[in-house]
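See structure below.
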Amino acid sequence: MGDLQTLVDNFQLPDTIGFGRLMAPVMFRAEYCDGIWSAGQLVPYGPISLDPAAKVLHYAQEVFEGMKAYWVDSETPQLFRPVENCKRFNNSAEFMCMPQVPEELFMSGVTQLTDICRNLIPRNSGASMYLRPFMFGTQADLTITASSSYEFYVIASPAEIYHAGEMRVIVERHRSRTAAGGMGVAKTGGNYAASMQSSKECMQQGYNQVLWLNSAVAGQIDELSGMNLFVVMDDELHTPELNGSILPGITRSAILELAKDLGYKVRERNIQIDSLLALIESGTCTEAFACGTAAVISPISIIADQGKEYPLPKVPGPVGQALYESLLAIQEGRVEDKYGWIQAVERQVQV
Ligand code: COI
């Protein structure tokens, strides 16, 4: 363990961190073979060796999670709702015909890595250490059947908020990212790969997020490429219901609870894009924001559709801003966590 701690101790955080580019020098790794998981261990961060015929490379048998360790105003680093990430990870795994990762193994990876890397967690408000647990099929076999062997990793990335600043969103009217009954509910690479061509075109047009519509119900809003959507109308908060095509966001569900406690009415419902745009135009919809682990809560300044722009009048809007401050205050340890969302990471690794 001493060598791993030395790797961490010698690691210098640069002045500019950004999101997702800087990797901690230690990772957690476990293997699954013949129906059994190894105990898993911390190892130096580095390339993974794979057979070129590994299932993941051909049939994308892979799932992942996104979660954060915060250390701003708390005594020790703290994780936000880690068991929810573990549950969602295993739901995604089931969808992709992969084995379950036992909660003890998942949590052991996440807490050991957070513990040893604690001094790499940026201490400024808004920053954190983004944790990325992932699992993939390693069996070398080109038949379209589930892999018999898997690897589970957790890597860590000191990070700023994913998308600081305002979001300019464009509606995707032609492509679908996921089918009804498809893998939109699973956090698997294919969902994100399927969004990339539209994201590239969206950026070429001067926007930075794609808003996806449902493939089965015409005009029904699903979600953004890696985030859920909220809109505010008459001081009520509306978000697309979990319709089987979108990811059940952990930040989304936290916002629904927090909003009720802040006195807002919340509605999970089918939101039609045409009526939303009309409500923005008429001034009834006053704000919109994206939410997710990486993005936290990011205000949307404009929604563009079929050559027309619909600017939101309040950016950031007061409702999104109030929710952002309440959520971050819990995550960063400034207020008491009455929801049981926080898990402290005590010093365990022997150095
Ligand atoms: C997250 O918010 O954790 C996500 O998964 C979004 C992303 C950066 C893919």
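With all protein chains in place and ligands, DNA and RNA left out, the 1.4 Å accessible area ranks 71, 212 as 71, 212, largest first.
Counted over segment 274-323 with a bin width of 5 Å, the fraction of Cα pairs per bin, in whole percents, is 5, 22, 28, 22, 15, 7, 1.
3J(HN,Hα) along segment 54-66, derived from phi through the Karplus expression 6.51 cos²θ - 1.76 cosθ + 1.60 where θ = phi - 60°, amounts to 4, 3, 4, 6, 10, 10, 6, 7, 8, 9, 8, 9, x Hz, with x in place of Gly and Pro.
One decimal place: the segment residue 218-residue 274 gains 19.1 nm when fully extended, by the rule 0.36 nm per residue minus the C-alpha distance.
When the P(r) is computed for segment 167-316, the part past 29 Å accounts for 9% of the Cα-Cα pairs.
On a per residue basis, segment 310-351 carries 54 Å² of accessible surface, using protein heavy atoms and a 1.4 Å probe.
How many angstrom separate the Cα center of segment 211-278 from the Cα center of segment 15-84? Cα centres, segment 211-278 to segment 15-84: 29 Å.
Computed over segment 67-218, the alpha-carbon pair-distance distribution with 10 angstrom bins reads 10, 28, 32, 25, 5, 0, each value a whole percent.
Taking every Cα-Cα distance in segment 2-160 and sorting them into 10 Å bins from zero, the calculated P(r) comes out as 11, 39, 33, 15, 2, 0 percent. Within the assembled protein chains, the solvent-accessible surface assigned to residue 51 is about 80 Å², based on a 1.4 Å probe.
A 1.4 Å probe over all protein chains sorts 58, 174 by accessible area into 174, 58, starting with the largest.
Charged side chains reduced to their Cβ positions (Lys and Arg at +1, Asp and Glu at -1) give segment 167-316 a dipole of some 380 debye around its Cα centre. Taking N as the residue count of segment 23-96, its C-alpha radius of gyration divided by 2.2 N^0.38 Å amounts to 1.36. For the chain, with all protein chains in place and a probe radius of 1.4 Å, 50% of the accessible heavy-atom surface sits on carbon or sulfur. Kirkwood radius and radius of gyration were both taken over the C-alpha atoms of the chain, and their ratio Rg/Rh is 0.97.
Each label was represented as a point 7 Å from its Cα along the Cα-to-Cβ direction; for residue 58 and residue 192 these points are 2.4 nm apart.
In a simple Cβ point-charge model (Lys, Arg +1; Asp, Glu -1; nothing else charged), the chain has a dipole of about 380 debye relative to its Cα centre. Note: segment 293-346, Cα convex hull, 100 Å³ per residue.
Computed from Cα positions, the angle between helix 273-282 and the longest principal axis of the chain comes to roughly 60 degrees.
Take the Cα of residue 23, go 7 Å toward its beta carbon, and the backbone nitrogen atoms of segment 112-128 under 20 Å from that spot belong to 112-122, 128.
The values are calculated or read from the model by the stated rules, or taken from the named source; none is laboratory data. Since this is a predicted model, take the numbers as computed values, not measurements. Note that each Cβ is placed from the backbone with ideal geometry, even for glycine, and that neighbours are counted across all protein chains shown. Quick note on the areas: whole protein, heavy atoms, side chains included, nothing else; ligands and nucleic acids left out. Shrake-Rupley method; radii C 1.70, N 1.55, O 1.52, S 1.80 Å.
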